[in-house]
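The values are calculated or read from the model by the stated rules, or taken from the named source; none is laboratory data. All values derive from a computational prediction rather than experimental measurement. For neighbour counting, all protein chains shown are included, and Cβ atoms are generated from backbone atoms with ideal geometry for every residue, glycine included. Please note that ligands, DNA and RNA were not included when accessible areas were found on the heavy atoms of the full protein model with its side chains. Shrake-Rupley method; radii C 1.70, N 1.55, O 1.52, S 1.80 Å.
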Amino acid sequence: METLIDLLDRSAERYGDRPALVIKPGFRTRVWRYGDIAELVPRVAGVLRRAGVEPGDRVLIWAVNRPEWGIAFLGVAYAGGVSVPLDVRTTDELAAKVAGATRPKLVLASQPTLQQASRLELPALAVESLVDVARDAEPLPRPTPRPDDLLEVVFTSGTTGEPKGAMLTHRNIVSNAAAVQSVVPLGPETRLLSILPLSHMYGQNPGFLAPLIAGASVVYPTSLQPLVLARTVRENRVTMLLMVPQALKLLTNAVERRVDAAGKRAAFERLHRVGGRLPLRLRRLVFRPVLKQFGGDLRYVAVGGAALNPNVARRWEEMGVDVLQGYGATEASPVIAFTRLDRNVIGTVGQVVPGVDVRIAPDGEVLVRGPNVFAGYWERPDATEVVLRDGWYHTGDHGTLDSDGFLTLRGRKKDMLAMPDGTKVYPDDVEAAIVRDPRVREAAVVGLERRGGDVQVHAVLVVSDPADAGDVIRGANARLGAHQQIRGHSVWPEDDLPRTPSLKVRKNVLLDWLQAEQRDAAATPREAPVGTQTAAERLVAQIESVALDAVRPEARLSSDLGLDSLGRVELLGLIEEELGVYLDEDALDPDATLGELQAMIDAAAGERREQGILAWPLNP
């Protein structure tokens, strides 16, 4: 099994009648079985061929997570094309740069991204209709790609300068999917809920291709709001969650809010103290009421993409749910190390996966070699030479390997920020967006750990008038991608930022100053805002990362309160839980003020939410 076509054939032969991909977009649950996919993919390839896609042509995939994304991806490979996936949050500017660099033949979009995709002035097809059209299409004959043929070009998230696209071959991706499948508890009885973007390698390989090798079922939720996730897990009796650490923390907060609402916090904490000393089966019995909210079958949570808080992991372990952690990079297809179920050492990222070699350079950098290591950056030999030397990929991460082979990460060698939601942010790109404003003399961007342990993008500015700082940040955020948003800012009290003799900004000095400011603020007693709080203000104050003194009607969700995409999802979950008001996450402006949010709540509270066919009984 060396190519994606081999993987498709083998999965269909072994698991033909088993459900592979599942989604419930409305009333009806749609299921694609392994046999359905094997029969449909050659027809999708036939549609693409008639649309002009020849072997070697690039195809942009700019679509939301759903089963048709994966089927379209397999169809591109079957047609001999090269996929170029884009995150749904990609800005028009970055999408245009990627399209200009790769010269794609067409774009595969989805209904929510079709309008944006049309601005690229390329032929566009919607993945939802592509699959339906393909049912009557003439299938392409089975291709015979070579293992080292290019399969996709994945552009690293976050670059607004010159984007770099990692070239991944059939061998890279299939070898890594097989390695992941061999160490993660995946099998035909596994029902996996993946909320990670398929445009990112962590969501695509461990969340899609490795389950296909194992005969597992992958379930796609229609929203990231906690109540929707819990309902999807419960209805599909999900056994494994695949997510970034921040999403796991979001679920943890939702569970604990329900405990507090029931007045059972003291009993809940007593059970946690006991749970760690009980065998797994008894832990699950003790915490059965909690696990029942997730259908009762949830056994594993696999996380990656950012640092995992050990305390959050232990809380789930005490409830009888194993938390497994992985580590990787796009350039490694992506998994380098993963926790084994029988050797789960919390605080490490597990052991190196089969077939991959890892060594620690004299300066502490993690180096990787194996069949999963990429072929280089698309048309960027200069960038390739920097990270790919003598067959070893230089990750830019510092780490240690102990005598048992457990890898522990110690931080980034360079400035790149690994955000809690798994995305990567390059400070240079954010700084470039800030200094476009003529009012800014200097700017530096760092990753600042806030209350609750989350790392946020924080800007330190040198401006003539400190009163301009908020307006500067709002202007910069308008030019940045969703994952790059500046969540906090400070004005440096001197005329220039602290610098080294070579005039580089000393970001460690900035971080020490910011952390001292935080400690001083924490030592000052805070009082709740004077006057009557609105529901929006009261609920946003419950979110752990939000500073109480920042909660005011004119405060903006992103710029002032520091809420990222998952933070906004948590807030919408709170609004639905406590107020019974449903707000669509797509309708909420990321930088809306609390006053504007309250107006949305008031408007929605007066409407009866239509249930439509969802209210029909299933029984005649």
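Condition first: in a helix (DSSP H, G or I) and within 21 Å of Glu577 (Cβ to Cβ). Now tell me which residues in region 236-251 satisfy that.
Keep residues of region 236-251 that are in a helix (DSSP H, G or I), which gives 245-251.
Gln246, Ala247, Leu248, Lys249, Leu250, Leu251 - these are the residues of region 236-251 that are in a helix (DSSP H, G or I) and within 21 Å of Glu577 (Cβ to Cβ).
Name the residues in region 374-395 that are part of a strand (DSSP E or B) and touching a residue at least 60 places away in the same chain (Cβ under 8 Å), would you?
Those that are part of a strand (DSSP E or B) and touching a residue at least 60 places away in the same chain (Cβ under 8 Å): Tyr377, Tyr393, Thr395.
For residues that are of a type in the set (Val, Ile, Thr) and open to solvent by less than 10 Å² (accessible area, probe 1.4 Å), tally how many sit in region 185-214.
Of the residues in region 185-214, the ones of a type in the set (Val, Ile, Thr) are 190, 195, 213.
Checking which are open to solvent by less than 10 Å² (accessible area, probe 1.4 Å) leaves us with 213.
Looking only at that region, the number is 1.
Return only the number of the condition from (1) buried (at least 16 other Cβ atoms within 10 Å of the Cβ); (2) touching a helix residue (DSSP H, G or I) at 6+ places or on another chain (Cβ under 8 Å); (3) over 26 Å from Leu86 (Cα atoms) that Arg439 does not satisfy.
Evaluating Arg439 over (1) buried (at least 16 other Cβ atoms within 10 Å of the Cβ); (2) touching a helix residue (DSSP H, G or I) at 6+ places or on another chain (Cβ under 8 Å); (3) over 26 Å from Leu86 (Cα atoms) leaves (1) as the failure.
I need every pair where a residue in region 5-31 that is acidic (Asp, Glu) has its Cβ under 9 Å from the Cβ of a residue that is open to solvent by 80 Å² or more (accessible area, probe 1.4 Å), sequence separation at least 6 or different chains.
Final answer for the pair search is Asp9/Met1; Asp9/Arg142; Asp17/Arg33.
Within region 388-396, is even one residue farther than 26 Å from Val455 by Cα and touching a Ser or Thr at 6+ places or on another chain (Cβ under 8 Å)?
no
Is it the case, given these coordinates, that Ala467 is free of Cβ contacts under 8 Å to residues at least 24 places away in the same chain and in a strand (DSSP E or B)?
Values: free of Cβ contacts under 8 Å to residues at least 24 places away in the same chain: yes; in a strand (DSSP E or B): no.
Spelling it out, it is not the case that Ala467 is free of Cβ contacts under 8 Å to residues at least 24 places away in the same chain and in a strand (DSSP E or B).
Could you tell me how many of the residues in region 64-123 are open to solvent by 10 Å² or more (accessible area, probe 1.4 Å), over 27 Å from Ala216 (Cα atoms) and either part of a helix (DSSP H, G or I) or in contact with a Cys (Cβ under 6 Å, 6 or more places away or on another chain) (or both)?
Counting residues in region 64-123 that are open to solvent by 10 Å² or more (accessible area, probe 1.4 Å), over 27 Å from Ala216 (Cα atoms) and either part of a helix (DSSP H, G or I) or in contact with a Cys (Cβ under 6 Å, 6 or more places away or on another chain) (or both) gives 12.
How many residues, within region 554-574, are closer than 13 Å to Asp591 by Cα and touching a Leu at 6+ places or on another chain (Cβ under 7 Å)?
Final tally of qualifying residues: 4.
Would you mind stating whether Gln542 is modelled with pLDDT under 85, open to solvent by 10 Å² or more (accessible area, probe 1.4 Å) and under 28 Å from the mean Cα position of the chain (by Cα)? Can you show your working first?
Details: modelled with pLDDT under 85: yes; open to solvent by 10 Å² or more (accessible area, probe 1.4 Å): yes; under 28 Å from the mean Cα position of the chain (by Cα): yes.
Spelling it out, Gln542 is indeed modelled with pLDDT under 85, open to solvent by 10 Å² or more (accessible area, probe 1.4 Å) and under 28 Å from the mean Cα position of the chain (by Cα).
Mind counting the residues in region 129-153 that are out of contact with any strand residue (DSSP E or B) (no Cβ under 9 Å at 6 or more places or on another chain) and within 13 Å of Val47 (Cβ to Cβ)?
Of the residues in region 129-153, 9 are out of contact with any strand residue (DSSP E or B) (no Cβ under 9 Å at 6 or more places or on another chain) and within 13 Å of Val47 (Cβ to Cβ).
Working carefully through the options Val180, Val219, find the one that is open to solvent by less than 20 Å² (accessible area, probe 1.4 Å), out of contact with any helix residue (DSSP H, G or I) (no Cβ under 6 Å at 6 or more places or on another chain) and either without any contact (Cβ under 8 Å) to a residue 24 or more places away in the chain or among the aliphatic types (A, V, I, L, M) (or both).
Result of the check over Val180, Val219: Val219.
Would you say Arg234 is within 25 Å of Leu108 (Cβ to Cβ) and of a type in the set (Lys, Arg)? Give the derivation first.
On the way: within 25 Å of Leu108 (Cβ to Cβ): no; of a type in the set (Lys, Arg): yes.
It is false that Arg234 is within 25 Å of Leu108 (Cβ to Cβ) and of a type in the set (Lys, Arg).
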